[in-house]
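Trainee: Sharing a structure here in structure tokens format.
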Ligand code: WTA
């Protein structure tokens, strides 16, 4: 193997070969050598019909499909004519097959109070009963097949139940991350024409209550004013923090026409005989909103059979999942993100491997003897539950590095076999730390590259087959025809940076942007075509290169979205939030490198004269910065808080009036050699002007 040095780019020569399964405690690898991988990959893209027919055969069907694929680019129909149910494949079939008493979900709540963390175990039978009851309750609230149910919940077992209950009756779920603000709810509920919301009174995070119900109440009120009526809100009691405010009896509380029901009443009293609805392969399974380069998030649409087939395969192969073999899988992602959908829930439940779900944060409570904010909860969880596969994000790993090697060292991490990372490129230093201090140099690391849109992993090492290099997501998943091409669609040679595309359809691919055909076509299929046939390629919006061994190195987004702590944020979303503040006239948001978060947000802001006039004595100072940061948190959510706000008298623009983001990015990243203090943009606009003069 070789790694080619190239200008300006990371050179990484370390290679870690796969290890024999036995040394890690697996009886075998699903794919045990590079030759086997290469042969399978060639077959999977050369004869996709046979390959995917076999994979689909691992699922339980009510009616078999007639045809594997109908492809009229960019529209794919997979497993045409088949009937299937996602909840059945995750839950009921395991009960049918005699595994009803096995653990499906291990849940650990945020430790509140002195008694240690609350732990619950749900068997497949428990899940069957609870999803049936929840499904019956949803039906009683008028939810029908094809409706979209919005879910805005903390990481509690009822969240898993709610998602599966929707799938059970053929309603699509649209999960909104619990860290988002009311505005995110209104926007997504309207876009999805959703009439029912499932939430909780609150969620626990670092000992505080996240007021989910209050946010929903606010959203529902705003929605009613906009003419969108939410009929019902189903509320799990989790924190019981506000007895006065939440002291209503189920079904009696209202905001306008919206009725509120307690889960423990509506679900508890519902019958438990609610069968799984046979769904067409291409019926919608869920919407998941993701940030785009315009201000409005996109409702990424996934359908039933293709998503299931792809996610069961990727989960099984990437993590070498084996049912009944004592594995305990833990993905630390929130279910509000796609990682949680595919690799906390669906992928694990389908493969009948227990999945651990945790509520809270890694640094609460603080580790013994450490200051607040420094925690070892993850290592404690791994040791106590004997986690075998652990999957987390680079931003978390970098945080753990900062907290110190002694924290993981104190815990017994010997149960671990495979480590995974996801969400953004991992820097080799963090990869090595993960390898040494968590994997104790034994465990393979799978750096999984994928997107909300791809449904599951599209580039990842397979632990028994593919040697790893720190920072590379290595080779394409089976069935994925990935390439690095130029704007003309021509494949580039080793180490030439280009666009990451997928040239053939795959079952887990998005089927649309909900209600916006144009955005679907132009965002993903409008940029690159097959130079010979003109058929569009799927473009992921990431820049990448392949090295001489064919390994992919993802360089990051080339559109106006930023990955902050592994979460996608549209620059426009943050800008819209900023300009909705009375002080702000114009705002431009760019990403800048950050040691822990990967990227942080830097906002350039110009102020309104009217604000200055109305607020004599106030200046563009740190107090205003704090106000603006709090305002963004309130409008979008805490994860969108800018790290830096720079006030300016003007923003650099092109003649046609477009903000010159590249320039601002350079300023934010400190690329410019500016000798004066650059904390305000006035300083910079001088430089910008000078630069313009030079050109
Ligand atoms: C980035 C998260 C490098 C990438 C599953 C992609 C990665 C975006 C990796 C999708 C990785 C995700 N290496 N970059 N292993 N995984 N990305 O939709 O920029 O939240 O386009 O899905 O995350 O983010 P999303």
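The values are calculated or read from the model by the stated rules, or taken from the named source; none is laboratory data. Computed from a predicted structure; not experimentally measured. As a convention, Cβ positions derive from the backbone with ideal geometry for all residues, glycine included, and neighbour counts pool all protein chains shown.
Trainee: Please list, ordered by residue number, the strands (runs of 3 or more DSSP E) wholly in segment 475-577 having 3 or more residues that are buried (at least 19 other Cβ atoms within 10 Å of the Cβ) and over 19 Å from the mean Cα position of the chain (by Cα).
Mentor: 482-485, 498-502, 538-546
Trainee: Are any residues in segment 185-217 within 30 Å of residue 280 (Cβ to Cβ) and surrounded by fewer than 24 Cβ atoms within 10 Å (Cβ to Cβ), and if so, which ones?
Mentor: 187, 190, 191, 192, 193, 195, 196
Trainee: Further, regarding this structure: Taking interchain pairs and intrachain pairs at least six residues apart, which have beta carbon atoms under 6 angstrom, with the first residue in segment 405-417 and in contact (Cβ under 8 Å) with a residue 60 or more places away in the chain and the second outside any loop (DSSP other than H, G, I, E, B) and surrounded by fewer than 21 Cβ atoms within 10 Å (Cβ to Cβ)?
Mentor: Listed pairs, sorted by first residue: 417/24.
Trainee: Next up: Scan segment 77-90 for residues that are surrounded by 23 or more Cβ atoms within 10 Å (Cβ to Cβ) and either in contact with a strand residue (DSSP E or B) (Cβ under 7 Å, 6 or more places away or on another chain) or modelled with pLDDT under 95 (or both) and jot them down.
Mentor: 78, 79, 82, 84, 85, 86, listed by residue number.
Trainee: Which of (1) within 28 Å of residue 637 (Cα to Cα); (2) within 16 Å of the ligand (Cβ to nearest atom) is the odd one out, the single condition residue 357 does not satisfy?
Mentor: Checking residue 357 against (1) within 28 Å of residue 637 (Cα to Cα); (2) within 16 Å of the ligand (Cβ to nearest atom), the one that fails is (2).
Trainee: From the list 315, 309, which residue is on the phi < 0 side of the Ramachandran plot and either assigned to a loop (DSSP other than H, G, I, E, B) or more than 16 Å from the ligand (Cβ to nearest atom) (or both)?
Mentor: Of 315, 309, the one residue that is on the phi < 0 side of the Ramachandran plot and either assigned to a loop (DSSP other than H, G, I, E, B) or more than 16 Å from the ligand (Cβ to nearest atom) (or both) is 309.
Trainee: Still on this structure, I have one more. What number of residues in segment 641-659 are at pLDDT below 85, part of a loop (DSSP other than H, G, I, E, B) and surrounded by 16 or more Cβ atoms within 10 Å (Cβ to Cβ)?
Mentor: Total satisfying the criteria: 1.
Trainee: All but one of (1) on the phi < 0 side of the Ramachandran plot; (2) in contact with a strand residue (DSSP E or B) (Cβ under 9 Å, 6 or more places away or on another chain); (3) surrounded by fewer than 18 Cβ atoms within 10 Å (Cβ to Cβ) hold for residue 142, so report the exception by its number.
Mentor: (1)
Trainee: Same structure again: If we scan segment 58-76, do we find a residue that is surrounded by 16 or more Cβ atoms within 10 Å (Cβ to Cβ), assigned to a helix (DSSP H, G or I) and either modelled with pLDDT of 95 or more or in contact with a helix residue (DSSP H, G or I) (Cβ under 6 Å, 6 or more places away or on another chain) (or both)?
Mentor: Within segment 58-76, none of the residues are surrounded by 16 or more Cβ atoms within 10 Å (Cβ to Cβ), assigned to a helix (DSSP H, G or I) and either modelled with pLDDT of 95 or more or in contact with a helix residue (DSSP H, G or I) (Cβ under 6 Å, 6 or more places away or on another chain) (or both).
Yes or no, residue by residue, for (1) buried (at least 24 other Cβ atoms within 10 Å of the Cβ); (2) more than 14 Å from the ligand (Cβ to nearest atom):
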| residue | (1), (2) |
| --- | --- |
| 280 | no, yes |
| 293 | no, no |
| 298 | yes, no |
| 302 | yes, no |
| 305 | yes, yes |
| 323 | no, yes |
| 330 | yes, yes |
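Trainee: Looking at 551, 537 in this structure, which one is closer than 30 Å to residue 295 by Cβ and either within 16 Å of the ligand (Cβ to nearest atom) or free of Cβ contacts under 8 Å to residues at least 24 places away in the same chain (or both)?
Mentor: 537
Trainee: Identify, by number, the condition in (1) within 16 Å of the ligand (Cβ to nearest atom); (2) in contact with a helix residue (DSSP H, G or I) (Cβ under 6 Å, 6 or more places away or on another chain); (3) over 30 Å from residue 399 (Cβ atoms) that residue 480 doesn't meet.
Mentor: Failed condition: (2).
Trainee: Additional query: Out of all the residues in segment 439-461, which are in a helix (DSSP H, G or I) and either on the phi > 0 side of the Ramachandran plot or touching a helix residue (DSSP H, G or I) at 6+ places or on another chain (Cβ under 6 Å) (or both)?
Mentor: 452
Trainee: May I ask you to verify whether residue 162 is in contact with a strand residue (DSSP E or B) (Cβ under 9 Å, 6 or more places away or on another chain) and under 15 Å from residue 336 (Cα atoms)? Steps first, answer last, please.
Mentor: Values: in contact with a strand residue (DSSP E or B) (Cβ under 9 Å, 6 or more places away or on another chain): yes; under 15 Å from residue 336 (Cα atoms): yes.
Criteria met by residue 162.
Trainee: Same structure again: Got a sec? Which of 28, 83 is under 23 Å from residue 170 (Cα atoms) and over 25 Å from the mean Cα position of the chain (by Cα)?
Mentor: Values: 28 fails: under 23 Å from residue 170 (Cα atoms).
Unique residue meeting the criteria: 83.
Trainee: Considering segment 36-60 alone, what residues qualify as being closer than 20 Å to residue 307 by Cβ and either free of Cβ contacts under 8 Å to residues at least 40 places away in the same chain or more than 30 Å from the chain's Cα centre (by Cα) (or both)? Break it down into steps so the answer makes sense when it comes.
Mentor: Initial filter on segment 36-60 (closer than 20 Å to residue 307 by Cβ): 44-45, 48-49, 51-60.
If the condition is that a residue be closer than 20 Å to residue 307 by Cβ and either free of Cβ contacts under 8 Å to residues at least 40 places away in the same chain or more than 30 Å from the chain's Cα centre (by Cα) (or both), then 49, 53, 54, 57, 60 are the ones that fit.
Trainee: Could you please give the count of residues in segment 421-438 that are more than 9 Å from the ligand (Cβ to nearest atom) and either within 16 Å of residue 388 (Cα to Cα) or not in a loop (DSSP other than H, G, I, E, B) (or both)?
Mentor: 11
Trainee: If you don't mind, there's one more thing I want to ask. Against the definition (buried (at least 24 other Cβ atoms within 10 Å of the Cβ) and more than 13 Å from the ligand (Cβ to nearest atom)), how does residue 464 come out, yes or no?
Mentor: Judged against the criteria, residue 464 is a match.
Trainee: While we're on this one: Which condition from (1) over 25 Å from the mean Cα position of the chain (by Cα); (2) without any contact (Cβ under 8 Å) to a residue 24 or more places away in the chain; (3) surrounded by fewer than 18 Cβ atoms within 10 Å (Cβ to Cβ); (4) more than 24 Å from residue 61 (Cβ to Cβ) is the one that residue 123 breaks?
Mentor: (3)
Trainee: Continuing with this model, one more query. Can you work out which of the residues in segment 394-418 that are under 20 Å from residue 363 (Cα atoms) and touching a strand residue (DSSP E or B) at 6+ places or on another chain (Cβ under 6 Å) is farthest from the ligand (Cβ to nearest atom)?
Mentor: Of all residues in segment 394-418, those under 20 Å from residue 363 (Cα atoms) come to 394-413.
Checking the rest, the ones that are also touching a strand residue (DSSP E or B) at 6+ places or on another chain (Cβ under 6 Å) come to 394-395.
Working: 394: 8, 395: 11 Å.
My answer is 395.
Trainee: Does segment 605-619 contain at least one residue that is buried (at least 20 other Cβ atoms within 10 Å of the Cβ) and under 33 Å from the mean Cα position of the chain (by Cα)?
Mentor: Yes, segment 605-619 contains a residue that is buried (at least 20 other Cβ atoms within 10 Å of the Cβ) and under 33 Å from the mean Cα position of the chain (by Cα).
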